[in-house]
Amino acid sequence: MVPSRFLADKNGETPFEKRRGRLCGIKTEKFGELVWYKELRSKTEAQNMMEAMWEEGLWLGHTKNSNEVLIGTRGGVVRAFAVRKKPV
């Protein structure tokens, strides 16, 4: 993701700009930074409204073909749809 969206060539354009005709406006964090996230769940999973929605994990990056975020947790890697930086 990083080379295709943020690494510019000698003309000053990234591969993303050449393909889409615009800058990549996706927000990123530092690799391994502690963040809060909301896990991406399937529509068939029943949601427990009493369960905490924001959870803590490590930023690992974006998925290749979408804007989903990969978050590292103690239980493994999960996909997330919303991420917030933790205050210092």
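The values are calculated or read from the model by the stated rules, or taken from the named source; none is laboratory data. Computed from a predicted structure; not experimentally measured. Virtual Cβ from ideal backbone geometry, glycine too; neighbours counted across all protein chains shown. For the accessible areas, the whole protein counts, side chains as well, though only heavy atoms, and no ligand, DNA or RNA atoms are used. Shrake-Rupley method; radii C 1.70, N 1.55, O 1.52, S 1.80 Å.
Observations, loosely collected:
- Pairs of Cα atoms nearer than 8 Å and 6+ residues apart set the relative contact order; for the chain it is 26 percent.
- Max mean-square fluctuation residue, GNM over the chain, Cα-Cα springs under 10 Å, options 17, 68, 55: 17
- Residue-by-residue Karplus 3J(HN,Hα) for segment 74-88, coefficients 6.51, -1.76, 1.60, Hz, glycine and proline x: 5, x, x, 9, 10, 9, 10, 10, 9, 9, 10, 6, 7, x, 5
- Difference of contour (0.36 nm per residue) and Cα-Cα distance, residue 82 to residue 7: 24.5 nm
- Going by accessible surface with a 1.4 Å probe and the largest first, 6, 81, 31 read 31, 81, 6.
- Exposed-site-free run, longest, the chain (rule: trypsin sites (Lys or Arg not before Pro); DSSP loop; at most 16 other C-beta within 10 Å): 44-63
- For the chain, the solvent-accessible area of protein heavy atoms averages 79 Å² per residue (probe radius 1.4 Å; ligands and nucleic acids excluded).
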